[in-house]
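Input: a single structure, listed below in structure tokens.
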Amino acid sequence: MFYLTKLLSLKKISMRVLFFLVMLAISLQALSQQVPNGNFESWYNESNYQNPTYWDTPNSTTGSLNVFCVQKENSIVQNGTAAAKIQSKSIFGTPIPGLVTLGDFNVNIINFVSTIEGGYPFTYKPTILKGFYQYEPINGDQAFIGVLLLKQNGNVWDTIAQGNFKTTATVLNWTPFTININYSNLSETPTHLNIIVLSSDKDAPQPNSTLYIDNLTFEYPLNSETSSLNKVQLYTYQNKVIINNIETNSQITVFNSNGQIVFEKYIHDANYSFNIEQKGIYFVSIKSNQNVLNKKIAILE
């Protein structure tokens, strides 16, 4: 629920506006759409298990047998209050890898044939995926983190960019990883994003191999602000965000410092304003056609 700001003297308002302008001048930078729930802070309950919000796991199938390949981790955390614990298991003597994906994961419990399809709706072009991990492999097992940018054409999914990270090393402290995302055709725009994280080699999973993952983020090219949006004016007053000269049918998305979406709306007017309830640092992304303008703002009130 939005709240009304208290009345301030003209002097206090002037000082606050001046402080904000200094902050804004120092901190402006580009940021486009981030990994959905990339910090694994949000989880939802389903039957006798939990899944991270926006992510799919084998739990929907294995949970009926009280076997959980993915669990919310509250003790071993890189930042925030939660991380994802991904662990390979064995069912009826058959090893299965622990897995999280932004796509749809399906497995046949009888023959253990699994498929991953689709992904999260996404039309941006990041160049790097970064994050943190810990890994405890069994018998020389291999962890895998892969990112795919997909374009859906009917029932066909074309891969227009991809990258991956693999490791067999035991890592008992939080360690950063970086994945370069390579585009096969820079003129293509994706329709979906998929990130796949495996605690084991998919062809030879070792039960109890355990991967912890946390704080996945994208990086974008420094020139992601495009010329067609250069006339947009974005500024704040107290807890109000004011945007002028917007192209019609633009999408405004606001992220907090954890990459969570706090506001999202399609705008059909040239000028628009809205309130943000809590003070802090936020990232505003304005998308018009295939162009994206990204700004960092500070809400001080």
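A few points about this structure:
- Scalar couplings 3J(HN,Hα) for the stretch 81-98, obtained by applying the Karplus form with A = 6.51, B = -1.76, C = 1.60 to θ = phi - 60°, are 10, 8, 9, 9, 9, 10, 9, 6, 10, 10, 10, 6, x, 9, x, 10, x, x Hz; x denotes Gly and Pro.
- Summed residue charge, Cβ within 12 Å of V197's Cβ, Lys/Arg positive, Asp/Glu negative: +1
- Violating pairs (Cα-Cα greater than 22 angstrom) within the set K125/K279; K125/K151; K130/K265; K265/K296; K231/K295: K125/K279; K130/K265
- If you plug the beta carbon distance of K240 and D203 into 1/(1 + (r/R0)^6) with R0 = 45 Å, you get a FRET efficiency near 0.25.
- Other residues with beta-carbon under 12 Å from the beta-carbon of D214 carry, at +1 per Lys or Arg and -1 per Asp or Glu, a net charge of +1.
- Fully extended contour minus Cα-Cα distance, from S75 to S257, at 0.36 nm per residue: 63.3 nm
- Rounded if a/c under 1.5, otherwise prolate or oblate - the stretch 236-291, Cα gyration tensor axes: oblate
- The calculated FRET efficiency for T53 paired with V156, based on their beta-carbon distance and R0 = 25 Å, is about 0.35.
- Cβ-based net charge around W157, under 10 Å, with every Lys or Arg adding one and every Asp or Glu removing one: -1
- Each label point was placed 7 Å from the Cα along the Cα-to-Cβ direction; for E117 and N180 their separation is 3.4 nm.
- With a Förster radius of 51 Å applied to the C-beta separation of N271 and F92, the computed FRET efficiency comes to 0.25.
- Relative contact order [Cα under 8 Å, 6+ residues apart], the stretch 234-274, whole percent: 43 percent
- Here the dipole of the stretch 142-287 is about 200 debye; that uses its Cα centre as origin and unit charges on the Cβ of Lys and Arg (positive) and Asp and Glu (negative).
- Taking a ≥ b ≥ c as the square roots of the eigenvalues of the alpha-carbon gyration tensor, the stretch 44-115 is classed prolate because a/c is 1.5 or more and a/b outweighs b/c.
- Three-way shape label, the stretch 65-188, alpha-carbon gyration tensor, a/c 1.5: oblate
Quick note: the coordinates plus some simple rules give every number you see, no bench work behind them. The shown structure was predicted, so the numbers you read here are calculated from the model rather than taken from an experiment. Cβ: placed from backbone, ideal geometry, glycine included. Neighbour counts: every protein chain shown.
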